[in-house]
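The values are calculated or read from the model by the stated rules, or taken from the named source; none is laboratory data. Not measured: the values here are computed from a predicted model. Note that each Cβ is placed from the backbone with ideal geometry, even for glycine, and that neighbours are counted across all protein chains shown. Heavy atoms of the whole protein, side chains included, go into the accessibility calculation; ligands, DNA and RNA do not. Shrake-Rupley method; radii C 1.70, N 1.55, O 1.52, S 1.80 Å.
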Amino acid sequence: MSENAPIIDTCVTPFWRSEVEPHLWMSEPWASKRHMPGVLRQMYTAPTGIAPYGEYLEEARPEDDASALPGSSPAKILAKLDRDNARVGVLSPLTRGPQPDIDMATELCTATNQWLAKSWLDAPESADRFLGTIRVNPTDPDKAVAEIEKWADHPRMVQVGVPLDAWRPYGHRNYFPIWKAAAELKLPVVIHADGGAAANYKPTMAGYPTKHIEYASQENISGLYHLASFILEGVVDRLPDLRVVFGDGAFDLLMPFLWRMDGDWGISRHETPWVSDTPSEHLDHFRFRTSRFEAPTDQASEKAWLEVSRAEELLIYGSNYPHWSSMSPADLPSGLSSEGRERILSRNAADLYEPRLRALGNTAALNAIGAQAITGS
């Protein structure tokens, strides 16, 4: 790694101190309600033995409060960044996923953004090392656009966040105003699994699995459904500046999926005349978070996989801290070239967030992600 290429952790999940703290940030009548599902996923709990639900690392729990949720201490997350020699962490809070009550889901996004800005991004103890995510409810497009516009001038909000679970694939036209607003403001969109919903959709095309291993190995496939929809519904052709980040992997499944889409594309051109080229030619619009579970386990296969998957172009490093499966830079595939490693740990993310930070005139954040040196400006 060169001095001008700082490590950027693009996926850190900050938590509320407790399950009821969100109500302190909500307006009435939501502030007085207590029927909102918990922030942590209660189905398919990870068999780690770590309370609650096995999902998050005990080391991430605040030392001064044994009852607080892991990931609720800025100091703990800063310590993780320091261990990884990461200069910046991009915070992506959870909002309990899709809810039957659209108004409640929208209110929770509003409260989450206020909490994130005040308690994390603008807090002195954060030392200007955090960037943030504007959480919106995609089932409420008008309110989602208004929320994006409300935070458009915040100097450290660098992306828009939506749940992996969705009523319809994200290329459908009802969502288009959200993506248009994000693209116009140079905000990438991150799609990330959300937790805690009491009314989650079936996590697979075949229904509900029964064990954690089934859920964990299949859930991320939903990201590919969204990718296909973004391409084939013409969203990325209509919005050439839109960038979409998949925060839950599925990168190891990407190329076979695209090969099949390319194969079907020719005979289906009459259905999608607005798509300018084969699906695989649209990959520049998408990026994927790293996962320590996604790579061949033998080195002989690893190098070929890295090359054919275009890993050095499409991956961005994200620790997914404090999830039990979180990673560090040392967990990246050993077969990466030194340049490829630098791109994944730094340059790809800098390229992703630079247009937004430059539009905001946030010179400090541009320096923090190394964009000034990379662009030579």
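The set of residues from the stretch 3-23 being surrounded by fewer than 24 Cβ atoms within 10 Å (Cβ to Cβ), touching a strand residue (DSSP E or B) at 6+ places or on another chain (Cβ under 6 Å) and among the β-branched types (Val, Ile, Thr) comprises just one member, ILE7.
Answer with yes or no whether ASN174 is open to solvent by 10 Å² or more (accessible area, probe 1.4 Å), among the polar types (S, T, N, Q), farther than 18 Å from ASN362 by Cα and in a helix (DSSP H, G or I).
Values: open to solvent by 10 Å² or more (accessible area, probe 1.4 Å): yes; among the polar types (S, T, N, Q): yes; farther than 18 Å from ASN362 by Cα: yes; in a helix (DSSP H, G or I): yes.
Judged against the criteria, ASN174 is a match.
Here PRO188 does not qualify as surrounded by fewer than 18 Cβ atoms within 10 Å (Cβ to Cβ) and under 25 Å from TYR353 (Cα atoms).
Would you confirm whether or not the stretch 306-322 contains a residue that is under 22 Å from VAL88 (Cα atoms), more than 16 Å from the chain's Cα centre (by Cα) and crowded, with 22+ Cβ neighbours inside 10 Å?
Yes, the stretch 306-322 has at least one match.
Within the stretch 125-171, the only residue that satisfies the criterion of being β-branched (Val, Ile, Thr), out of contact with any Pro (no Cβ under 9 Å at 6 or more places or on another chain) and either surrounded by fewer than 17 Cβ atoms within 10 Å (Cβ to Cβ) or part of a strand (DSSP E or B) (or both) is ILE134. In the set TYR208, TYR201, TYR225, only one residue is among the hydroxyl-bearing types (Ser, Thr, Tyr), open to solvent by 40 Å² or more (accessible area, probe 1.4 Å) and at pLDDT 95 or above; that residue is TYR225. Looking only at residues in the stretch 81-124 that are over 24 Å from ALA368 (Cα atoms) and among the acidic types (Asp, Glu), the one that is surrounded by the most Cβ atoms within 10 Å (Cβ to Cβ) is GLU107. Checking the structure you have, find out if any residue of the stretch 281-295 is open to solvent by less than 60 Å² (accessible area, probe 1.4 Å), among the polar types (S, T, N, Q), within 17 Å of VAL189 (Cα to Cα) and at pLDDT below 95. Taking every residue of the stretch 281-295 in turn, none turns out to be open to solvent by less than 60 Å² (accessible area, probe 1.4 Å), among the polar types (S, T, N, Q), within 17 Å of VAL189 (Cα to Cα) and at pLDDT below 95. Please go through the stretch 254-278 and pick out each residue that is open to solvent by 60 Å² or more (accessible area, probe 1.4 Å), of a type in the set (D, E, K, R) and farther than 20 Å from SER222 by Cβ. Hits for the stretch 254-278 are ARG269, GLU271, ASP277. Listed by first and then second residue, the pairs linking a residue in the stretch 209-232 that is outside any helix (DSSP H, G or I) to a residue that is buried (at least 17 other Cβ atoms within 10 Å of the Cβ) and of a type outside the set (Val, Ile, Thr), with Cβ atoms under 9 Å apart and 6 or more places separating them unless they lie on different chains, are PRO209/TYR44; PRO209/PRO203; PRO209/TYR215; THR210/TYR44; LYS211/TYR44.
Which of the residues spanning the stretch 24-44 are exposed (fewer than 15 other Cβ atoms within 10 Å of the Cβ), at pLDDT 70 or above and under 14 Å from ASP103 (Cα atoms)? SER27, GLU28, PRO29, ALA31, LYS33 - these are the residues of the stretch 24-44 that are exposed (fewer than 15 other Cβ atoms within 10 Å of the Cβ), at pLDDT 70 or above and under 14 Å from ASP103 (Cα atoms).
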